[in-house]
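The values are calculated or read from the model by the stated rules, or taken from the named source; none is laboratory data. Model, not experiment: these values are computed from the prediction. Quick reminder, even Gly has a Cβ in these numbers, built from the backbone with ideal geometry, and neighbours come from all protein chains shown. SASA here: full protein model, heavy atoms, side chains in, ligands and nucleic acids out. Shrake-Rupley method; radii C 1.70, N 1.55, O 1.52, S 1.80 Å.
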Amino acid sequence: MQSSSHAAGGAALPVPRLAGHFASLEVQNHAARLGMWLFLATEILLFAGLFICYGVYRFLFPEAWAAASRSLDLWWGTVNTVVLITSSLTAALAVHYAKEGKNKMVAVQIGLTLVMAVGFLVIKYFEYHHKFEIGTLPGRFYTYEEIQLPGAPLYFTVYFCATALHGIHVVIGMIVLAFSMVRALKKADFGPNNYTMVELGSMYWHLVDLVWIFLFPMLYLV
């Protein structure tokens, strides 16, 4: 199972180390993927709790939920959605190039993903800043005069909890992908038998994208 691989230019790539408790590299890689899938399942359960809270409060305060949703900036929410979906494409391309041993392209695609992730966070910062200025804040900190319906502060409590938790996951995903980019630049050892690190990072990033695809219509398009 430890056959050598070659980069596009013909240079031999080192074979990844096989841990002693695995029978082969294939089994080792499958175990890593299974572990990531199980971890992603727990992350989905985490956000599912927020989605349930959202559903309950929306049912209880439909008018306040609709009015509060209209106070969000749909344009910036749409731009952020496009940015994040595009970043998932570049993350997937990084896996594609890692399988082919094109380490420079792996670094380029991850770099593009990180740039778009930063763009996403910058847009979210300006959205947060605006909400702090007009007083659309969670719970007792809510001071927005234009919407004084019962349940409006709860909407922004859910909004800040959901988007802040998602933002933390964006930062974590950036750190994970950055490690792969540094390895692609320094060691340049990704290839047909050694691309699991990039693949797992990309899987995590797709979760970040998927969660936002749910949050965008829930929060902005009510």
Review point. Among the residues of the stretch 172-222 satisfying the criterion of being of a type in the set (D, E, K, R) and over 15 Å from Ala92 (Cβ atoms), which is least open to solvent (accessible area, probe 1.4 Å)?
Key: Asp189
Review point. Would a scan of the stretch 49-72 turn up a residue that is touching a helix residue (DSSP H, G or I) at 6+ places or on another chain (Cβ under 6 Å), surrounded by 15 or more Cβ atoms within 10 Å (Cβ to Cβ) and within 30 Å of Lys186 (Cβ to Cβ)?
Key: no
Check your understanding: Just checking, how many residues over the stretch 74-84 are in contact with a helix residue (DSSP H, G or I) (Cβ under 6 Å, 6 or more places away or on another chain) and either open to solvent by 40 Å² or more (accessible area, probe 1.4 Å) or without any contact (Cβ under 8 Å) to a residue 60 or more places away in the chain (or both)?
Key -> 3
Practice item. Answer yes if at least one residue in the stretch 114-132 is part of a helix (DSSP H, G or I), farther than 25 Å from Leu60 by Cα and among the small types (Gly, Ala, Ser), and no otherwise. Key: yes
Point to revise | Flag if Val122 is under 21 Å from Ala188 (Cβ atoms) and either under 23 Å from the mean Cα position of the chain (by Cα) or surrounded by 16 or more Cβ atoms within 10 Å (Cβ to Cβ) (or both) | key: no
Practice item. Of the conditions (1) surrounded by fewer than 17 Cβ atoms within 10 Å (Cβ to Cβ); (2) in a helix (DSSP H, G or I), Thr143 clears all except one; give me its number. Key: (2)
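Tell me yes or no: at least one residue of the stretch 161-173 is farther than 30 Å from Met105 by Cβ and of a type in the set (Val, Ile, Thr).
First, the residues of the stretch 161-173 that are farther than 30 Å from Met105 by Cβ: 161-165.
Next, only the ones that are of a type in the set (Val, Ile, Thr) stay: 163.
Yes: the stretch 161-173 contains one or more residues that are farther than 30 Å from Met105 by Cβ and of a type in the set (Val, Ile, Thr).
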